[in-house]
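> Pasting in a structure now, in structure tokens, and then I'll have a few things to ask.
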Protein chains: 2
Amino acid sequence: MERIGWIGTGVMGRSMVLHVLQGGHPVSVFNRSRDKADDPCRQGAAWCETPGEVAARSDIVFTMVGEPSDVEEVILGGDGVLARIRKGSVIVDMTTSEPSLAVRIYGEAKAKSVFSLDAPVSGGDIGAKEGTLAIMAGGDEEAFRRVLPVFERMGGNIAIMGGPGMGQHTKMSNQILVASTMIGVVEALLYARRAGLDLNRVIEVVGKGAAASWAFNKLGPRIVKGDTAPGFAIRHFVKDMGIALTEAKRMKLALPGLALVNQFYLAAVAEGLENEGTHALFRVLDRMNSP
Amino acid sequence: MERIGWIGTGVMGRSMVLHVLQGGHPVSVFNRSRDKADDPCRQGAAWCETPGEVAARSDIVFTMVGEPSDVEEVILGGDGVLARIRKGSVIVDMTTSEPSLAVRIYGEAKAKSVFSLDAPVSGGDIGAKEGTLAIMAGGDEEAFRRVLPVFERMGGNIAIMGGPGMGQHTKMSNQILVASTMIGVVEALLYARRAGLDLNRVIEVVGKGAAASWAFNKLGPRIVKGDTAPGFAIRHFVKDMGIALTEAKRMKLALPGLALVNQFYLAAVAEGLENEGTHALFRVLDRMNSP
């Protein structure tokens with residue numbers, strides 16, 4: 001059975017590695033703050049002092065960290081994964097990160113005869129907890145097939161989308177959709193409320209037709225209740241939109257809808273809403289439209 | 001059995017009145033261009049020379065015309081519906097039109113002891129043909145209950161949303177959702193194509209999660225095939241967005257997402273795409289992003 005390394009045991013990573021442990025794999029684990037690794041360690045994971053140490057003990061190393069700079073550090077840095085991983089092993093970055101960084105990691109790994117996959121997820125903390133994440137992978141088919149049984153511990157909707165970076169690009173497409181869909185949800189509810197409609201009734205009726213979306217049908221009722229807890233936190237979403245806009249610029253692609261929505265999410269951060277769910281965008285446009 | 005009057009036998013209206021005829025109601029019909037009423041007349045509808053003549057022969061008069069100005073003319077105009085309809089009858093405007101006009105018609109009708117409902121639909125030409133429209137009504141419950149059996153010939157998802165104008169306001173909420181969702185769909189597909197992804201695969205994977213929408217899942221594959229036939233034509237959608245923006249302004253409500261998307265749809269009209277489906281927005285942003 002493949003020996004698994006796991007780097008990053010935040011809200012998402014912790015749930016995910018627990019599923020891997022339940023699959024019976026030997027797991028080595030590292031996290032910047034050690035206490036967040038207590039759960040997996042109690043379930044049998046071996047604590048390591050550095051990402052490199054994790055890599056030295058593993059056949060497949062997963063990373064699930066915060067920013068692209070964290071990905072770069074734990075994989076390409078000093079005592080990082082690539083410094084100590086053995087030939088023929090696989091690195092799987094599940095962080096939502098830069099497609100171009102994924103391509104770079106793939107190249108540096110390949111030069112050392114190491115496989116690399118980018119495999120960001122969607123489904124949020126609940127998907128991670130329930131093992132129902134969508135996983136969008138980029139890299140070599142061979143590596144994907146090898147990692148697939150482990151992915152299947154974490155999620156259901158799992159696909160290889162193409163070569164290196166294509167998992168990240170797919171996730172960016174996902175986030176571009178989420179951004180504009182969300183401002184539509186927010187504006188439709190603001191309009192309906194101002195018009196004096198019963199919002200839950202609007203969601204019920206309108207949510208069955210051509211205006212339906214996961215965001216409207218699932219997050220709409222939470223907005224109506226004033227429940228803006230994440231779900232998926234705005235601070236993460238702002239990171240993702242920043243990556244998408246940078247990559248789009250690099251590809252010479254103007255995305256005016258995304259650019260507009262991104263600005264309102266920056267306003268959400270300015271208002272201190274960074275730890276609220278993405279649907280707290282409602283509060284920004286509501287405040288903007290209030291005396 | 002209630003005697004039905006039907007004014008407006010365009011693409012939508014023709015399919016709808018045919019369902020009413022199949023229900024066995026006696027139907028009187030008027031349309032600006034008579035040849036478009038040939039189908040219902042062959043199925044037993046009696047042709048009338050004016051909207052007023054229709055009203056004189058009917059217990060419930062439906063209007064399904066083009067612009068708010070057409071609604072105003074056929075209902076409130078010279079030989080219009082309200083001039084000749086009898087006390088206790090019902091006027092049902094199913095055109096997507098101005099909420100404030102619906103309120104005005106309701107008031108003028110009430111002064112003559114006539115009921116009035118605004119009842120715009122969603123579901124497009126296919127929904128009209130198949131009798132599966134969503135119907136969002138505003139007005140008196142009593143009138144709604146009386147008309148409901150006729151509505152049930154035309155659609156499935158039928159609701160009274162509140163007093164006069166509330167059907168129209170609900171439809172506006174629907175269109176606000178459609179607008180921003182569509183620019184998200186378009187930008188996600190443009191990004192994915194530029195990144196080199198297989199678009200159908202992206203739709204398959206991403207369309208199962210938090211980014212899913214009716215527009216992405218149903219219209220996305222048509223965009224990929226280059227099939228921008230309506231569906232719902234851009235010229236109608238531009239009318240609807242114009243009404244929504246005007247009503248929002250009247251209610252002192254800024255809707256930046258809707259305003260942005262509206263501009264790109266105006267560009268679509270400028271490019272001659274007014275008779276294409278709403279998803280032809282892809283062609284506007286594609287062209288804008290091409291050498």
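The values are calculated or read from the model by the stated rules, or taken from the named source; none is laboratory data. Treat the numbers as computed from the prediction; the structure is a model and nothing was measured. Here the Cβ positions follow ideal geometry from the backbone for every residue, glycine too, while neighbour counts run over all protein chains shown. In case anyone asks, the SASA skips ligands and DNA or RNA and just uses the protein heavy atoms, side chains included. Shrake-Rupley method; radii C 1.70, N 1.55, O 1.52, S 1.80 Å.
> Of all residues in region B:26-52, count the ones that are in contact with a helix residue (DSSP H, G or I) (Cβ under 7 Å, 6 or more places away or on another chain) and not aliphatic (A, V, I, L, M). So that I can check it myself, show each step before the final result.
Here is the first cut: in region B:26-52, the residues in contact with a helix residue (DSSP H, G or I) (Cβ under 7 Å, 6 or more places away or on another chain) are B:27-31, B:36, B:39-40, B:43-45, B:47-48, B:51-52.
Within this subset, residues satisfying the condition of being not aliphatic (A, V, I, L, M) are B:28, B:30-31, B:36, B:39-40, B:43-44, B:47-48, B:51-52.
Residues flagged as in contact with a helix residue (DSSP H, G or I) (Cβ under 7 Å, 6 or more places away or on another chain) and not aliphatic (A, V, I, L, M) within region B:26-52 amount to 12.
> Any idea how many residues of region A:130-147 are under 24 Å from residue B:197 (Cα atoms) and either open to solvent by less than 60 Å² (accessible area, probe 1.4 Å) or not assigned by TED's automatic domain parsing to the domain that holds residue A:72 (or both)?
Keep residues of region A:130-147 that are under 24 Å from residue B:197 (Cα atoms), which gives A:132-147.
Adding the requirement that they be either open to solvent by less than 60 Å² (accessible area, probe 1.4 Å) or not assigned by TED's automatic domain parsing to the domain that holds residue A:72 (or both) leaves A:133-140, A:143-144, A:147.
Of the residues in region A:130-147, 11 are under 24 Å from residue B:197 (Cα atoms) and either open to solvent by less than 60 Å² (accessible area, probe 1.4 Å) or not assigned by TED's automatic domain parsing to the domain that holds residue A:72 (or both).
> To continue, here is another question. Can you find even one residue in region A:217-239 that is within 11 Å of chain B (Cβ to nearest Cβ), farther than 21 Å from residue A:133 by Cα and free of Cβ contacts under 8 Å to residues at least 24 places away in the same chain?
No, that holds for no residue.
> Could you check region B:148-161 and list, in sequence order, the residues that are buried (at least 24 other Cβ atoms within 10 Å of the Cβ) and over 25 Å from residue A:191 (Cβ atoms)?
B:154
> Here's a follow-up. State which residue is least open to solvent (accessible area, probe 1.4 Å) when the search covers only region A:99-129 and only residues that are of a type in the set (Ser, Thr, Tyr) and within 12 Å of another protein chain (Cβ to nearest Cβ). Walk me through how you get there before you give the answer.
Here is the first cut: in region A:99-129, the residues of a type in the set (Ser, Thr, Tyr) are A:100, A:106, A:113, A:116, A:122.
Still in the list and also within 12 Å of another protein chain (Cβ to nearest Cβ): A:100, A:122.
Working: A:100: 51, A:122: 15 Å².
Per the criteria, the residue is A:122.
> Of all residues being open to solvent by less than 40 Å² (accessible area, probe 1.4 Å) and of a type in the set (Gly, Ala, Ser) in region A:28-39, which is farthest from residue A:9 (Cα to Cα)? Just the residue, please.
Ranking the qualifying residues of region A:28-39, first place goes to A:28.
> Output the qualifying pairs, or none if there are none: Cβ atoms under 9 angstrom, residues six or more apart or on different chains, first residue in region B:191-205 and more than 8 Å from chain A (Cβ to nearest Cβ), second residue among the acidic types (Asp, Glu) and assigned to a helix (DSSP H, G or I).
Note: pairs meeting the criteria are B:193/B:286.
> Which numbered condition trips up residue B:251, out of (1) surrounded by fewer than 19 Cβ atoms within 10 Å (Cβ to Cβ); (2) more than 7 Å from chain A (Cβ to nearest Cβ); (3) without any contact (Cβ under 8 Å) to a residue 40 or more places away in the chain?
(2)
> Would you point out which residue out of B:132, B:170, B:96, B:181 is hydroxyl-bearing (Ser, Thr, Tyr), in contact with a Leu (Cβ under 7 Å, 6 or more places away or on another chain), in contact (Cβ under 8 Å) with a residue 12 or more places away in the chain and within 14 Å of chain A (Cβ to nearest Cβ)? Can you show your working first?
Details: B:132 fails: in contact with a Leu (Cβ under 7 Å, 6 or more places away or on another chain); B:96 fails: in contact with a Leu (Cβ under 7 Å, 6 or more places away or on another chain); B:181 fails: in contact with a Leu (Cβ under 7 Å, 6 or more places away or on another chain).
Just a single option satisfies the conditions, and that option is B:170.
> Give B:262, B:289, B:275 a once-over and let me know the one that is touching a residue at least 12 places away in the same chain (Cβ under 8 Å) and over 30 Å from residue B:165 (Cβ atoms).
The unique qualifying residue is B:289.
> How many residues does region A:40-95 contain that are part of a loop (DSSP other than H, G, I, E, B) and either under 21 Å from residue A:141 (Cβ atoms) or open to solvent by 30 Å² or more (accessible area, probe 1.4 Å) (or both)?
Number of matching residues: 17.
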